[in-house]
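S.K.: Mind looking over this structure? Questions follow.
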2 protein chains.
Amino acid sequence: MPRSSLNRSVVVRRAAELADTHGLESVTLAAVARSFGVQTPSLYSHVRDLAALRDQVTVLALDELATRAGEAVAGRSRHDALRGFAAAHRSYLADHPGRWEALQRRAGPEAVAAPAARRVVQVTDAVLLGYGITGPDRTHATRVLGGALNGFLNLERIGSFAHSSPPAEQSWQELVDALHLVLTHWHQRGTSRGEETP
Amino acid sequence: MPRSSLNRSVVVRRAAELADTHGLESVTLAAVARSFGVQTPSLYSHVRDLAALRDQVTVLALDELATRAGEAVAGRSRHDALRGFAAAHRSYLADHPGRWEALQRRAGPEAVAAPAARRVVQVTDAVLLGYGITGPDRTHATRVLGGALNGFLNLERIGSFAHSSPPAEQSWQELVDALHLVLTHWHQRGTSRGEETP
DNA sequence: GTCCGCAGCCTAACACCAGTAGGCGAGAAC
DNA sequence: GTTCTCGCCTACTGGTGTTAGGCTGCGGAC
């Protein structure tokens, strides 16, 4: 019997695959061990905990999402960058629904401190810089942009759009265009409300 | 011993309270039974399943949210209605985090077919009608609005905003103002892209 | 008032899961 | 070749969902 190729990153990757095929909440230590043909307690050499395993799936997802979004944004600006950024999110959900699910969860402290989390923010910032949004406003815009994309995709994922007629794809285009409008007018709107020069 | 005050709606309500205090995933049949001083199998007279219990918490949340949002919108229009609608969502999350969590989940078929789900959409439509958004565009706007609000609040809930400086409250105001801008310009943007008269 | 039906809660039991304690053997170090 | 170490193992505990079937006390029929 080969001593085994079991490994922390291998275990996490397998957990992510199980999440994608059967949903995150069916990612269980017993299921992961079964998929390796191994007994459950053997995993504790590589993973502290079930919670830690799921947290690491979250970190993996953050990392992959940041990479995919970064590639989609590279060399583009404004509307093109925004479209690529949004499409990266949507395609990641389509390709890896279980890992996406892991992003919609409150993760442990070591997961949120991971560099992968910061990378996602950095890519978002790159899009906003293309719109000329800087300073403290950029944090607000990051949150608005991230929230809108995540929220739409999450509603689509849980089936909220499945029972009304127009396909979600069209609404998605509307959302991206709406965000373009918001980002284009961000500065003017901010100054008109007198928040930037108090 | 009183024959019991156990009841389907009482059980669901207790499950919702447990969700609010300890999180939705700690809503377990064993915990609900314990809170009534009753054995676990006794609950099966009132609830089909653990999944059904959680689905009914979702329906309860949809109903309460629709009521709260409806009251916040009544007699208002445009920016005022939007602000009330958004504030209703945010306050519901603050007051009932566990029930909110139940809204971010894929629910069973009988839950999504519940009248409560339609009521939420109707209230949203009322806000959009105030902006003069009608016809097929209204579905898109409903999804954009719902997605943006849900997404922002969900990111706030899972702590995504806890590690950057400006408080989330300010970003929330920015989001509501941004949505006002989007809804105000919805019609123009739609026609300018030639989608309404194909 | 007495009896019966039945709804509602009970015990018993099974399968599954997370997590802990300690054993054992294969490969590496020397 | 001997020894050490690490990775996987077995055995076990406590908790969970779910089913099957028993008991009991309340409400209605007479």
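S.K.: Based on Cβ point charges of +1 for Lys and Arg and -1 for Asp and Glu, what charge dipole magnitude is obtained for the protein assembly as shown about its Cα centre, in debye rounded to the nearest 20?
M.R.: Its charge dipole is roughly 700 debye.
S.K.: Right, something else. Helix A:78-95: angle to the longest alpha-carbon principal axis of chain A, degrees 0 to 90, nearest 10?
M.R.: Here the helix axis deviates by roughly 20 degrees.
S.K.: Specify whether the C-alpha gyration tensor of chain B places it in the rounded, prolate or oblate class, a ≥ b ≥ c being the square roots of the eigenvalues: rounded for a/c under 1.5, otherwise prolate if a/b is larger than b/c and oblate if not.
M.R.: Cα axes put chain B in the prolate bin.
S.K.: State the Cα centre-to-centre distance between region B:94-171 and region B:17-39 in whole Å.
M.R.: Centre-to-centre distance over Cα atoms comes out at 26 Å.
S.K.: Give the residue from A:PHE161, A:GLY70, A:VAL123 lying farthest towards the positive end of the charge dipole for region A:54-192; charges sit on Cβ (+1 for Lys and Arg, -1 for Asp and Glu) and the dipole is referred to the Cα centre.
M.R.: A:VAL123
S.K.: With axes computed from alpha carbons, what is the tilt in degrees of helix A:50-73 against the longest principal axis of chain A, rounded to the nearest 10 within 0 to 90?
M.R.: 40
S.K.: Determine how large the accessible area of A:LEU179 is when every protein chain is in place; take a 1.4 Å probe and give Å² rounded to the nearest 10.
M.R.: 10
S.K.: Next question. Summarise the accessible area of chain B (1.4 Å probe, protein heavy atoms) by the percent that is carbon and sulfur.
M.R.: Here carbon and sulfur together make up 52 percent of the probe-accessible area.
S.K.: Going by the alpha-carbon gyration tensor, a ≥ b ≥ c the square roots of its eigenvalues, is the protein assembly as shown rounded (a/c under 1.5) or, if a/c is not under 1.5, prolate (a/b greater than b/c) versus oblate?
M.R.: oblate
S.K.: About the Cα centre of region A:54-192, how large is the charge dipole given +1 on each Lys and Arg Cβ and -1 on each Asp and Glu Cβ? Please answer in debye to the nearest 20.
M.R.: 240
S.K.: Then there is this: Rank B:THR124, B:THR134 by accessible area, highest first, at a 1.4 Å probe radius?
M.R.: Result of the area sort, largest leading: B:THR134, B:THR124.
S.K.: For chain A, what does the relative contact order come out to in percent, with C-alpha contacts under 8 Å and a separation of six or more?
M.R.: Relative contact order for chain A comes out at 20 percent.
S.K.: For region A:144-150, take each phi angle, set θ = phi - 60°, evaluate the Karplus expression 6.51 cos²θ - 1.76 cosθ + 1.60, and give the result in whole Hz per residue in order, putting x for glycine and proline.
M.R.: 5, 5, x, x, 5, 5, 4
S.K.: So, taking all protein chains as they sit and a 1.4 Å probe, how much accessible area belongs to A:ARG8, in Å² rounded to tens?
M.R.: Estimated to the nearest 10 Å², A:ARG8 gives 130 Å².
S.K.: From the Cα gyration tensor of region B:108-192, with a ≥ b ≥ c the square roots of its eigenvalues, which class applies: rounded if a/c is under 1.5, or else prolate if a/b is larger than b/c, or else oblate?
M.R.: oblate
S.K.: Hey, what did region A:5-55 get for relative contact order, percent, Cα under 8 Å, at least 6 apart?
M.R.: Relative CO of region A:5-55 lands at 34 percent.
S.K.: Given the protein chains as shown and a 1.4 Å probe, how many square angstrom of B:THR21 are accessible, to the nearest 10?
M.R.: Counting only protein heavy atoms, B:THR21 exposes about 100 Å² to solvent.
The values are calculated or read from the model by the stated rules, or taken from the named source; none is laboratory data. Keep in mind that this is a model prediction, so the values were computed, not measured. Note: ideal-geometry Cβ built from the backbone for every residue, glycine included; neighbour counts use all protein chains shown. Calculation scope for accessible area: heavy atoms of the full protein, side chains included, ligands and nucleic acids excluded. Shrake-Rupley method; radii C 1.70, N 1.55, O 1.52, S 1.80 Å.
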